[in-house]
Amino acid sequence: MEMAVTDSLRQQAYAQAGAFVRTLDGRDPLALQRDWALSPAVAGEIIEMLDSYFAANEALSLAPLAQAFVPGQGGRPAVDAYASDAGPLGLECRLLADGKPGEAILHLEMSGHEGALRLHYRYIGS
């Protein structure tokens, strides 16, 4: 069943994605496994992807909530939330490095019911 993308749902998804990105910023595979139930292989792959896009000292973040869902240059928002036919809410989040947009896009899905969302990591790409 497809989720309706409401402002409330966007805000909940943004909060989950922000928490995930704060964990990514620590570049700690054990924290990814512990906090987000990722396998050691997936956590290691994420760290490798981050290292290919960003310098170790660059702080990772999302665009601020007030700007996240507003279309920017090229018409795409920094955080794009969309309903999928499969049911989960999809999120494409442009990762910021030291507050500046980078090339990397974090792809996530949010699933849940009764008001609770659960984040599912998909991949990081360009």
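Structure notes:
- The residues of the stretch 6-29 that are at pLDDT 95 or above and basic (Lys, Arg), listed by number, are 22, 27.
- Whenever a residue of the stretch 68-89 is free of Cβ contacts under 8 Å to residues at least 24 places away in the same chain, its partners that are surrounded by 15 or more Cβ atoms within 10 Å (Cβ to Cβ), lying with C-beta atoms within less than 6 angstrom and at least six residues away or across chains, give the pairs 70/77; 71/77; 77/69; 78/63; 78/68; 78/94; 80/92.
- Going through (1) basic (Lys, Arg); (2) closer than 21 Å to residue 11 by Cα; (3) loosely packed, with under 13 Cβ neighbours inside 10 Å one by one, residue 100 falls short only on (2).
- Residue list for the stretch 53-81, restricted to those being surrounded by 11 or more Cβ atoms within 10 Å (Cβ to Cβ) and out of contact with any helix residue (DSSP H, G or I) (no Cβ under 8 Å at 6 or more places or on another chain): 53, 54, 58, 63, 64, 67, 72, 76, 80
- Selection within the stretch 106-121 - among the hydrophobic types (A, V, I, L, M, F, W, C) and modelled with pLDDT of 90 or more: 106, 108, 110, 119
- Members of the stretch 103-124 that are of a type in the set (Gly, Ala, Ser), out of contact with any Pro (no Cβ under 8 Å at 6 or more places or on another chain) and surrounded by 13 or more Cβ atoms within 10 Å (Cβ to Cβ): 104, 112
- Condition check for residue 30: surrounded by 16 or more Cβ atoms within 10 Å (Cβ to Cβ) and either among the acidic types (Asp, Glu) or closer than 20 Å to residue 118 by Cα (or both): no
- Counting the residues of the stretch 90-114 that are out of contact with any strand residue (DSSP E or B) (no Cβ under 6 Å at 6 or more places or on another chain) and either among the charged types (D, E, K, R) or touching a residue at least 24 places away in the same chain (Cβ under 8 Å) (or both) gives 6.
- Looking at the stretch 1-62, the helices (runs of 4 or more DSSP H) lying wholly inside it that each contain 3 or more residues that are under 22 Å from residue 82 (Cβ atoms) sit at 7-26.
- For residue 6: the one exception among (1) of a type in the set (S, T, N, Q); (2) touching a helix residue (DSSP H, G or I) at 6+ places or on another chain (Cβ under 7 Å); (3) open to solvent by 40 Å² or more (accessible area, probe 1.4 Å): (2)
The values are calculated or read from the model by the stated rules, or taken from the named source; none is laboratory data. Just so it is clear, the structure is predicted and the values come from calculations on it, not from any experiment. Every residue, glycine as well, gets a Cβ built from its backbone with ideal geometry; the counts of neighbours run over all protein chains shown. The protein model used for the area step is the full one, side chains on, heavy atoms only, and it has no ligands, DNA or RNA in it. Shrake-Rupley method; radii C 1.70, N 1.55, O 1.52, S 1.80 Å.
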